[in-house]
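Worksheet: one structure, shown below.
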Amino acid sequence: MSSVTVNQAIVAELYTWRFLKWVLAICVAVVAVFPIWWMFNVVFADPGTPVSINPRLYPTSLSSGLSKIQIILMETPYLRAYFVTIGYALLTILGMLLIGSMAAFEFALFDFPGKRLLFGLVMLSLMVPTVVTIIPTYLLVAELGWLNTMQGLVVPGLASAFGLFLLVQFMRTLPREMIEAARLDGASHFKIYWYIALPLSRNAMVTLAILTFMKTWGNFAWPLIVAPKPEIYTVGQVVGLFNAPFSHQTVDVVMTANLLAVLPPLLFFLIFQRKIVEGIAMSGSKG
Amino acid sequence: MNARRHLPHYAMVLPFALLFAAFFLYPIISGFYYSFHDWNAATEARFIGLANYEAVLKSRDFARAMTNLGIYIAITVPLGIAVALALALLVDSFTGFWANFFRSAFFLPVVLPAFLAATIWRWMYAPNFGLVNMVLGWFGMPSVNFLNDTGTMLYALIAVDVWVSAGFNMVILLAGLKNIPQDLYEAARLDGASRLQQVRYVTIPMLAPILFFVVTYGFISALQVFDVPWLLTGSSFTAYGGRRNALLFPVMDMMGRAFGAVRFGEATAYGFILTFVIILFTAVMFGLRAWRTPK
Amino acid sequence: MAELEIKSVSKSFGSVGVLSDINLKIASGEFVVFVGPSGCGKSTLLRTITGLETETAGDIFIDGKRVNDVDPAKRGTAMVFQSYALYPHMTVAENMGFGLKMAGEPKAIIRDKVGQAAAILRLEKLLERRPGQLSGGQKQRVAIGRAIVRNPKVFLFDEPLSNLDAELRVQMRAELIDLHRRLNATMIYVTHDQVEAMTLADRIVVLNGGIVQQFGRPLDLYDDPDNRFVAGFIGSPKMNFLDAVVLESGPDHVTLGKIGGSDRSLRLPFRSFDPSIKQVVLGIRPEHARLGESGADSVPVIINFAEELGDVTYLHGKTPGGSPMIIRSDKGRFGGQTDCHVAFDPGGIRLFDNDGRRLRADRN
């Protein structure tokens, strides 16, 4: 065999491989994206299009979609659930960041008696599955009279071992000399945290905030048991109502409800894509 | 003097420590206590020894849930990770814009709240007009009621599960792939390794630590599967698990016993049994890793 | 401007002793350099002075006031760190003014003081930049500026030039000397580089193993070292050390034999040599050794290679006993391995006992 034919074979193989690669990638992308696209198309479809007309490849009516969104926001408890969930997510994020960063600052940069024990305990809790704590925690919340309240939703999730772990990992990379320089500059312990450690950890904090938002927005089990009253339904529960077998809602209205639930995390993803991906990759590689 | 010097440290840790103690340590301890008691939160708790554990272990639902779980895990974990690895390799073979594009596209399902993924797929799986059945129809196959046919329910769940989790694991594996030095591949190519051989002899060994994390994490979360089967079957605390309990899983069973049947003692005992299984799994995984890693 | 006194300071981390019984008195306005190999305790001593480390025993006085229990920020010391430790999220001006801000000074005063310090260091144009946008030398100046703004009694420098390239280092040394002259402040400077110590210092503290080996003016250390460690540490290339035995000694001389394992002997003037000492180490700097003719007072050396630097040539060789030997030679080119003879300038010979202590002749 001459070297020319060998080269041709290699080139041919290369092209086949490239072609297959593209076909595969596009197919997977379609499978991944289409259900969401389909949902979008059902919402923005001409009214009266039977749901059985499939596949819906593109939206056909903007106004009909908007009017459905309007109906849902005005005539159902959806808007309130939206505010409840946003409040739940924001309060969780703020509390977790504050409490977690304060503790991470100490665990990452200082030594004090009991630190190893406490930190070890928290890291150990990462291994303990939520199933074992969820019911006793519910019972505790009930005892505190916090069922169907915002604090009942938020407070038990604030001492996040995962969040602490992420922040400690990051703060460990802060140079020691910088902390000492601040001390020599006369900054008190709290001011070193506030003026130096906190601003320098902005990246890790933002990552944690985004991951926490995604997680809280999608949290289903905890609100389900701790906030079973309609006044404090989260989006997850309301979406569950819309989709229940006897909800008396037409399919396109149900899909509108679903679409509205996807919107915030989807927007977050489009804006903070890199941070989200980095955050997940980081938690994986450190584990 | 010494204690005073450390005071600021304790002050800063205190909020976290208090909340951690109240909402992690205390629930574990109190849960352990409840698990030996007959208790419905309304009447006085009554000590009954191991009866709760016995009741759970002997119940038919537990056996059913564990069987489902066993099949589910045996398929979903390896399949999910194989798909994730394949996607990671696929994305890694692109560069620039298209690498980002495909990564984002593949990751999109992760962005959805799990409750929504389940909800959307209920529509996808719907008999007759659902998208999946429509595609089957193109190939002349009869419509299947995926979520009501005990023969297909579990596999329908697995498909959703892989759809949701593949992107997540892909991102972690991609980060690992990026850390493999390029010259290792070049060396392997000079040694005459084909593309597949490069994956087998360079990529997978170099990814081992991250694969280990992904597999372990995959096991732990699969053991606690709840949202997706709960919603796929349209469950409530009084009726869950789908037709003939074909999608009954331990956490669903546990939640039902707590909030449907109001047997909190039994439910907490259930939690501890599950935790025991999870710890056992994790220990086996770590043991395997220690055994596989030469000193 | 302040006097600094360190009285029997010791420091240990757990059971590991790092500093033992340090006693130093540093005059106001003096530029003192702590020098020693890594791990000798010089940085720990500096950090103890500023209060970042707490001494295990002993006292530190600044201007006669005991500062052991004074907060690091209030001791009147300012430190320039090796890594500069600039706050990356603050501008140069904010970096320099952070200490004043923490002390609750009004903004106008902070701006004034930062402006003055910036003028001294020619940083006026950089005040609004962030550290990430500065070169190494500029960062260094900002770090010094941050110290100046605090108007400290004592400036402390912890290897501040070690992250700069060679050329910039020379330039910054000159700037530091200039700065010291203008501010007329007490400055303490830590380095492992003896050349840096020699160029900068009014007086040098040589530390080894947590113990002060010698404290004195640079040339005093060079010409009159207290012990073998100082003799070997100061000066480049190093002083040569050759083993020798004492053949006989009298009231005004000592005769050494078996120098460097050779069969040569040497009679040196030495007032009242301790006759109980039978073995010594002879120290001779490369510039005090000359290539010469074979003779009774010269030692045979095998030259292995030469560093031909242009202005001088250093010949590296070995004595018959195997001790390494460096000889300075001002002329001639090296032509491969050769045997030669080396004669010592008697005034350049320093004697040490077997424990490394300097043997000094009686002065009168």
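A few notes on this one:
- Here's the picture: charge each Lys and Arg Cβ at +1 and each Asp and Glu Cβ at -1 in the range C:252-359, and of C:Ser272, C:Gly310, C:Thr255 the one pushed furthest to the positive end of that dipole is C:Ser272.
- Spacing of the modelled spin labels on C:Ser162 and A:Glu75, each 7 Å from Cα toward Cβ, amounts to 7.5 nm.
- Farthest toward positive dipole pole in the protein assembly as shown [+1 Lys/Arg, -1 Asp/Glu at C-beta], among B:Asn128, A:Gly236, B:Ala114: B:Asn128
- Each of A:Trp194, B:Trp291 has some number of other Cβ atoms within 10 Å of its Cβ, and from fewest to most they run B:Trp291, A:Trp194.
- Against the rule of thumb 2.2 N^0.38 Å, how large the Cα Rg of chain A comes out: 1.33
- Computed from the C-beta positions of C:Asp345 and C:Ser15, the FRET efficiency with R₀ = 51 Å rounds to 0.60.
- Comparing A:Pro129, A:Phe107, A:Pro47 along the charge dipole axis of the range A:9-154, the residue lying farthest to the positive side is A:Pro47, per the Cβ-charge model.
- Rounded tilt (10° steps) of C:136-149 against the dominant C-alpha axis of chain C: 60 degrees
- When A:Trp222, A:Trp22, A:Trp146 are sorted by how many other C-beta atoms sit within 10 angstrom of their C-beta, beginning with the fewest, the order is A:Trp22, A:Trp146, A:Trp222.
- Using a cutoff of 8 angstrom between alpha carbon atoms and counting only pairs six or more residues apart, the relative contact order for the range C:4-233 works out to 29 percent.
- Rounded to the nearest 20 debye, the dipole magnitude of chain A is 380 debye, with +1 charges on Lys and Arg beta carbons, -1 on Asp and Glu beta carbons, and the Cα centre as origin.
- Rounded to the nearest 20, the size of the Cβ-charge dipole of the range C:142-211 about its Cα centre is 400 debye, with Lys and Arg at +1 and Asp and Glu at -1.
- Dividing the mean sequence gap of close Cα pairs (under 8 Å, 6+ apart) by how many residues the range B:115-195 holds gives a relative contact order of 18 percent.
- Exposure proxy order (Cβ contacts within 10 Å, fewest to most) of C:Lys278, C:Lys113, A:Lys68: C:Lys278, C:Lys113, A:Lys68
- Average projected area [Cα convex hull, the range A:69-181], square nanometres: 10.5 nm²
- Alpha-carbon Rg/Rh ratio, for the range C:139-195, with Rh computed the Kirkwood way: 0.93
- DSSP H segments from chain A that extend 27 Å or more along their own axis, Cα-based, with Kyte-Doolittle mean of 1.0 or above: A:3-43, A:78-109, A:251-285
- Taking 11 Å as the cut-off, the amide N atoms of the range A:12-42 that come nearer than this to a point 7 Å along the Cα-to-beta-carbon line of B:Trp98 belong to A:18-26.
- Here is the size of the range C:240-359 from its Cα atoms: Rg then Dmax, 14.6, 46 Å.
- Span from the the range A:85-150 Cα centroid across to the the range C:151-204 one, whole angstrom: 49 Å
- Sequence-separation-based contact order of the range C:240-359, relative, with Cα cut under 8 Å and 6+ spacing, percent: 27 percent
- FRET efficiency estimate (nearest 0.05) - Cβ-Cβ, B:Thr67 to B:Asn148, R0 22 angstrom: 0.70
- Computed over the alpha carbons of the range A:52-117, Rg followed by Dmax gives 23.4, 68 Å.
- Percent of Cα-Cα distances greater than 19 Å, calculated over the range C:1-119: 56 percent
- With the simple spin-label model, which puts each label point 7 Å out from Cα in the Cβ direction, the C:Asn68 to A:Thr250 separation comes to 8.7 nm.
- The Cα atoms of chain B cover 75, 73, 35 Å along the three principal axes, with the biggest extent listed first.
- Long-range tail of P(r) for the range C:4-233 (Cα pairs > 24 Å, %): 44 percent
- Electrostatic dipole magnitude of the protein assembly as shown [Cβ: Lys, Arg +1; Asp, Glu -1; Cα centre; debye, to 20]: 1160 debye
- In this simple spin-label model, placing a label point 7 Å from the Cα along the Cα-to-Cβ direction at both C:Val312 and A:Leu24 gives a separation of 6.8 nm.
- The orientation-averaged projection of the convex hull spanning the C-alpha atoms of the protein assembly as shown amounts to 57.1 square nanometres.
- For the range C:124-149, backbone nitrogen atoms closer than 13 Å to the point 7 Å from C:Gln171 Cα along Cα-to-C-beta are found at C:135-141.
- Among the GluC sites (Glu not before Pro) in the range C:90-185, those located in a DSSP loop and surrounded by at most 12 other Cβ atoms within 10 Å of their own Cβ are C:Glu128.
- Across C:Lys238/C:Lys278; A:Lys275/C:Lys101; B:Lys178/C:Lys139; C:Lys139/C:Lys238, pairs whose alpha-carbon gap is larger than 31 Å: A:Lys275/C:Lys101; B:Lys178/C:Lys139; C:Lys139/C:Lys238
- By the helix-only formula, in which each DSSP H run with n ≥ 4 contributes -39500 (n - 2.57) and the sum is divided by residues, the protein assembly as shown has a 222 nm mean residue ellipticity of -17000 deg cm²/dmol.
- A quarter of the convex hull surface defined by the alpha-carbon atoms of the range B:62-225 gives 11.9 nm² as the mean projection.
Rule-based calculations on the coordinates, nothing more; no lab input. The structure displayed is predicted, hence computed values, not measured ones. Neighbour counts are summed over all protein chains in view; Cβ atoms, including those assigned to glycine, are modelled from backbone coordinates with ideal geometry.
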